[in-house]
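The values are calculated or read from the model by the stated rules, or taken from the named source; none is laboratory data. A quick note: this is a predicted structure, and the numbers were derived from the prediction, not measured. All Cβ positions, even for glycine, are placed from backbone atoms using ideal geometry, and neighbour counts span all protein chains on display.
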Amino acid sequence: MSDRLRAAFLTPAVSRHYGWARYALELAQALATQGVEVVALTQPGATRDEAEGLTDLRPVLPRLVPRPRLFVARSLLAIPRVRRVTADCDLLHVIAEPYSILGAAAAGQRPLVVTAHGTYVPQTARRRLIGALYRRAYRRAHLIAVSEFTADQVRAALPGSAPAVIRNGVHVARFQQPAPAPAKRGPTILATGGVKARKGTHLLVEALVRVRERVPDAQLVVTGIQLEPDYLARVQEQVRALGLTDCVHLLGQVPEEELRGWYQHADVFALPSLTVGEKFEGFGLVFLEASACGLPVIGTTGSGVAEAVRDGETGLLVPQNDVPALADAIIRVLTDADLRARLGTAGRAYAETQDWAQVAARVVTVYRRALG
């Protein structure tokens, strides 16, 4: 095996717009510093965005975001095309788990790596019909899990599997670059990741009513791509019904610099993630991003978030679906300047231990092991 290593990523996009795309972007950039060439296979319409370290981008995958009908059938039809365009690659790395069947078939005799970000691997491994194809793909793959919690779920669904736990990283230096102050109107609670049921946006809105009883000028700002229009409409109606239209700001996707500005100038980051059926939060990269900016964080127990938030050290953890506990935690941070400073300082130090350079080095170890 030569020192040169070229990996093909299977990801819908390479950008900072949502989880899979952001992971692909950050990991590709970090791998470039490790001497790994990354070719990104994406769905049609994807662009290179800011991926300076990307060797090439080839938009040959079936569309995944938003996910169409008959996705698996479209994936099977794409196998010859993907095999052809990855002929110059040493291994295939499935960043977005739904592409695992396609990745396994196109890899042929080459190694396959699959990153389990949360729900999808254990959920599909338990399916009766299509699950057989996914189980076959996962069992021939070198699995990476982004948290111990996710790894436990994978092992339970795939007995005998041994995923390598490599937590998500964060480019600490970039998030600490000063950004312009946003139009902040008062003590600000920030959430990012979009208006989604599993992110618990409705719980934040409900908690804000209690928070404003103690902190009357408190504001809630939610950023991120909005892919659940019905839920978005429900939250907008909730905001109107509770009389919160002047203090809840659903901004949608914002530019990187603006998001960094909110991270740096908000007063607390809160994301009350929920486990909905089999769907759970695998890690929660946004907590690390907030911590890198020195922002205290509030998350929920019962998921991989507990590995992104050190309870009582970098932030606070509350039970899922517990609005009073969520409100109390937010009030506690907003009204205690010493606590905010202590959590923020510890959070920044913790984020520095999770820099992408360290994450990439661990991924390269998986690649080298896979290649023998």
**Within the stretch 58-106, considering residues that are buried (at least 18 other Cβ atoms within 10 Å of the Cβ) and among the acidic types (Asp, Glu), the one farthest from Val146 (Cα to Cα)** = Asp90
**Asked** Got a number for residues in the stretch 277-333 being of a type in the set (Lys, Arg) and assigned to a helix (DSSP H, G or I)?
**Response** 1
**Message:** Quick check on Phe269: is it hydrophobic (A, V, I, L, M, F, W, C), in a helix (DSSP H, G or I), within 21 Å of Val205 (Cβ to Cβ) and in the same structural domain as Ala207 (by TED's automatic domain parsing)?
**Reply:** no
**Request:** Within the stretch 234-248, identify whether any single residue is within 20 Å of the chain's Cα centre (by Cα) and at pLDDT 95 or above, and answer yes or no.
**Result:** no
**Complete:** Filtering the stretch 158-193 down to residues that are farther than 19 Å from Ser291 by Cα and in contact with a Phe, Trp or Tyr (Cβ under 9 Å, 6 or more places away or on another chain) yields Leu158, Ser161, Lys184
**Message:** Being in contact (Cβ under 8 Å) with a residue 40 or more places away in the chain and not in a helix (DSSP H, G or I) is the requirement here; does Pro178 meet it?
**Reply:** yes
**Message:** Leu220 - would you say it is within 27 Å of the chain's Cα centre (by Cα) and crowded, with 18+ Cβ neighbours inside 10 Å?
**Reply:** yes
**Message:** Let me confirm something: among Gly169, Gly200, which residue is more than 15 Å from Gly224 (Cα to Cα) and under 16 Å from the mean Cα position of the chain (by Cα)?
**Reply:** Gly169
**Message:** Checking Leu251 against (1) touching a residue at least 40 places away in the same chain (Cβ under 8 Å); (2) part of a strand (DSSP E or B), only one condition comes out false. Which one?
**Reply:** (1)
**Request:** Could you tell me which numbered condition Tyr120 fails, if it satisfies all but one of (1) outside the structural domain of His249 (by TED's automatic domain parsing); (2) hydroxyl-bearing (Ser, Thr, Tyr); (3) out of contact with any Pro (no Cβ under 7 Å at 6 or more places or on another chain)?
**Result:** (3)
**Prompt:** What are the residues in the stretch 310-339 that are crowded, with 24+ Cβ neighbours inside 10 Å and either farther than 20 Å from Ala207 by Cα or among the aromatic types (Phe, Trp, Tyr) (or both), if any?
**Reply:** Thr314
**Message:** If I filter the stretch 116-166 down to residues being in a loop (DSSP other than H, G, I, E, B) and β-branched (Val, Ile, Thr), which single residue comes out as surrounded by the most Cβ atoms within 10 Å (Cβ to Cβ)?
**Reply:** Val146
